[in-house]
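All remarks here apply to the structure that follows.
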Amino acid sequence: MNKKLSVVVPVFNEEAIIEGLFKAIKDNLDKRNISFEIILVDDGSTDRSWSIIRALSKKFEEIKGLKLSRNVGQHNACIAGFENAKGDYIITIDADMQDNPNIIPKLFEKLQSGFDIVGCRRKLRKDNILRRSLSFLMHFTIKYFTKLGKETAQEFTDYGCMLRGYRRWVVEKVIEMGGKSIYIPTFASLVGGKFCEIDIEHRSRSKGKSKYGVRRLLGLYFDMLTDISLFPIQIISISGILLSFVGFALGIVIFLRRIFIGPEVEGVFTLFAFLFVLTGVLLISVGLIGEYVGRIYREVSKRPRFIVKEKSGIKKGLKIGVFAYSEVGYSCLEQLIRMGEDIVFVVTHKDSKNENIWFRSVSGLAHKFNIPLLKPESIKEEKFIDVLSSFKPDVIFSFYFRKIFSKGLLSVPTLGCINLHGSLLPAYRGRAPVNWTIINGETETGVTFHYMTEKVDAGPIILQKRIKVENDETGLSLTKKIASQGAKLLEKLVEGLHMQNLSSSPQDESRTSYFGKRTPVMGRVEWKWDNEKIDNYVRALTEPFPGAFFMRNDKKCIIWKGEKKKCEIQEPPGTIVGISKDSILVKTGSGCFGIVELEVDEKKFTPEGLVECFKLKEGALLGG
């Protein structure tokens, strides 16, 4: 399968260059049969740049255009391009053509060979003395006052060049973690990976003029420095210590001169000079602190990093609403975001601190990508349904959401509601199919996408994928398999929705099995059962689920870990037949079961700890 390349170009008042840049990129990539797209991001231009981009996107399918509502800077413009890029590899290049587009295929080859980030080092730069001076200052600061590149074998030497290549995973991390004052080349280097740098020709501008004056260049310098280092703040502390020392020493000198020489008028001027120096340092310090505080304010404010005012050459996607929770919900929502789908809202449950230890937060993911987030107490209220209707979703997905959709909610999207169920329907309809699958000793389960109807889990099946259940499978491990395979299958499903070629088939009611909501009391095991059944319960219900348990002296004893054992001992079920530091061996209806980890009264015990605490002995009954 050919890997696709996305070329992201931030554009600001470059009407004279855009067409030539596109032709140069297209000619070079077409010669090498590289599948590509070019994303031109108009960063608030006031000339004809957007008109040209729009015309190109209508003429050439490789061109995608984004028009931002205002100028936000080339790095945030690149982020807008990243969010709309579909390629496996992403290359950024400035629109001024000072960096030769002929180098793009070489960057592509380096990325294909295994490098995660490919930088370029400009030889014989054609910039003016101001830009070269600030570039020298930036690289001097990076080299001597930050740790950037120190942890890796490769250290970049030209962070100012925007002609750079990235693998998709790097770009996704930049989108996810980057702030609103991001400087992409340095921040991406912090993400890590395998780096390399190639030498390129740097050319003079043939058309137009540079948009970077002193103010913009200094702004970029501060963005870069404050984004990756606390050095400016630390230098203030060091300066304070040095000035305090100098002031203390100067005070001693003045005191001694007054004793041995007498009062001196000149000392007033010395004091004035010292105060001027101190005042200057204080003002610089306040300014630097203000830079950090200002950037912190920008990060915590609700103002978006940019607003896409208009798109051109980008297919109008489906408006997708998502109901999601748990690891399955997170993985599927993440997949939709990765695919660049238009997610108009996310509905989820309130996060549980106990579950978030095991599952990633759907709320956190939606928040990171500025997706409208709803956490209603009830999804049946008319006001809530009216709110969802106002988003005009084409389709609504349910990924492990724990409440049943009402008739009114099912009627909101034009293309219907689609649910992901963790079994091969029509088997294991209802709640907790993963747990019941393991409890019942199944060797195979799967993922099913089906249309939702008023009857739970009974709608027509769209897609299914089989999943093998391993002998040591737990409820948690199988849930993660469901999440992973469900997310992969989702890509095919969404593609079918876009192409309008999805088909579905009714469920075979003769093969239906239904399991209701699992309650904690249903986790109680009986020692008279065979050891395989007990093992199934323990694996199915271990953390983060409520756990399989037995009762001893009216106390609930939860088995978190254990293993079935062969044994021919003739003792009543529940009898302790062996004690070691690794397990407590208990006789079952058939064979034995070794308890490895147990919880009593919200306290976890190892076998040794449990024996010592409860004075257990071989031959005693453990419980029932």
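The values are calculated or read from the model by the stated rules, or taken from the named source; none is laboratory data. Keep in mind it's a predicted model, so treat the numbers as computed, not measured. Neighbour counts are summed over all protein chains in view; Cβ atoms, including those assigned to glycine, are modelled from backbone coordinates with ideal geometry.
Quick notes
- Sole exception among (1) under 27 Å from LYS403 (Cα atoms); (2) at pLDDT below 95 for GLY486, by number: (2)
- Of the helices (runs of 4 or more DSSP H) lying entirely inside region 379-489, those containing at least 3 residues that are in contact with a helix residue (DSSP H, G or I) (Cβ under 9 Å, 6 or more places away or on another chain) are 382-390, 433-439.
- The single condition from (1) more than 18 Å from GLY441 (Cβ to Cβ); (2) in contact (Cβ under 8 Å) with a residue 60 or more places away in the chain; (3) in the same structural domain as VAL456 (by TED's automatic domain parsing) that ASP472 fails is (1).
- Among the residues of region 188-199, those that are under 17 Å from the mean Cα position of the chain (by Cα) and either surrounded by fewer than 21 Cβ atoms within 10 Å (Cβ to Cβ) or not assigned by TED's automatic domain parsing to the domain that holds GLY119 (or both) comprise LEU190, VAL191, GLY192, GLY193.
- Whichever residue in region 380-403 is touching a Lys or Arg at 6+ places or on another chain (Cβ under 9 Å) and surrounded by 14 or more Cβ atoms within 10 Å (Cβ to Cβ) and, among such residues, is farthest from ARG431 (Cα to Cα): PHE391
- Annotation: ALA80 fulfils all but one of (1) small (Gly, Ala, Ser); (2) within 18 Å of LEU163 (Cα to Cα); (3) in contact with a helix residue (DSSP H, G or I) (Cβ under 8 Å, 6 or more places away or on another chain); the unmet one is (3).
- Cross-chain or 6+ apart pairs with Cβ under 8 Å, region 527-540 first and in contact (Cβ under 8 Å) with a residue 60 or more places away in the chain, then acidic (Asp, Glu): ARG539/ASP472; ARG539/GLU473
- Top-ranked residue in region 499-513 [being over 30 Å from ASP535 (Cβ atoms) and in contact (Cβ under 8 Å) with a residue 60 or more places away in the chain; ranked as surrounded by the most Cβ atoms within 10 Å (Cβ to Cβ)]: GLN507
- Boolean, PHE60 is touching a Gly at 6+ places or on another chain (Cβ under 9 Å) and of a type outside the set (S, T, N, Q): yes
- Filtering SER326, SER363 for residues that are on the phi > 0 side of the Ramachandran plot and surrounded by 18 or more Cβ atoms within 10 Å (Cβ to Cβ) leaves a single hit, SER326.
- Any pair with Cβ under 6 angstrom, 6 or more apart, that starts in region 599-624 at a residue that is crowded, with 17+ Cβ neighbours inside 10 Å and ends at one that is among the polar types (S, T, N, Q): PRO607/SER583
- Test: residue in region 265-272 that is outside any helix (DSSP H, G or I) and at pLDDT 65 or above: no
- Of all residues in region 429-446, at least one satisfies being in contact (Cβ under 8 Å) with a residue 40 or more places away in the chain, touching an Asp or Glu at 6+ places or on another chain (Cβ under 6 Å) and not β-branched (Val, Ile, Thr).
- Here LEU493 does not fit the description of being out of contact with any helix residue (DSSP H, G or I) (no Cβ under 6 Å at 6 or more places or on another chain), of a type outside the set (Val, Ile, Thr) and closer than 30 Å to ASN531 by Cα.
- Residue identified as aliphatic (A, V, I, L, M), more than 24 Å from GLU341 (Cβ to Cβ) and surrounded by 17 or more Cβ atoms within 10 Å (Cβ to Cβ) among ILE439, ILE461, ILE482: ILE439
- Residues (among the aliphatic types (A, V, I, L, M) and under 13 Å from ILE104 (Cα atoms)) located in region 1-45: LEU5, VAL7, VAL8, VAL9, LEU21, ALA24, ILE25, LEU29, ILE34, ILE38
- Filter result (among the charged types (D, E, K, R) and more than 20 Å from GLN74 (Cβ to Cβ)) within region 177-200: LYS194, GLU197, ASP199
- Residue in region 496-516 that is in contact with a Cys (Cβ under 6 Å, 6 or more places away or on another chain) and either not assigned by TED's automatic domain parsing to the domain that holds CYS592 or not aliphatic (A, V, I, L, M) (or both) present: no
- Filter pass, GLY496 being surrounded by fewer than 18 Cβ atoms within 10 Å (Cβ to Cβ), in contact with a Leu (Cβ under 6 Å, 6 or more places away or on another chain) and outside any strand (DSSP E or B): yes
- Helices (runs of 4 or more DSSP H) completely within region 164-254 that count 1 or more residues being modelled with pLDDT of 65 or more: 168-177, 184-191
- Single residue of GLU599, GLU563 found to be outside the structural domain of SER326 (by TED's automatic domain parsing) and farther than 25 Å from VAL469 by Cβ: GLU599
Conditions tested, residue by residue: (1) more than 13 Å from ASN531 (Cα to Cα); (2) among the hydroxyl-bearing types (Ser, Thr, Tyr).
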residue	(1), (2)
CYS567	no, no
GLY574	no, no
VAL577	yes, no
ILE584	yes, no
GLY589	no, no
VAL596	yes, no
ASP601	yes, no
THR606	yes, yes
GLU612	yes, no
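- Among the residues listed as GLN112, GLN154, the single one being closer than 29 Å to ILE34 by Cα and modelled with pLDDT of 90 or more: GLN112
- Where strands (runs of 3 or more DSSP E) fall entirely within region 519-610, those with at least 3 residues that are in contact with a strand residue (DSSP E or B) (Cβ under 7 Å, 6 or more places away or on another chain) are at 548-552, 555-565, 576-579, 584-587, 592-600.
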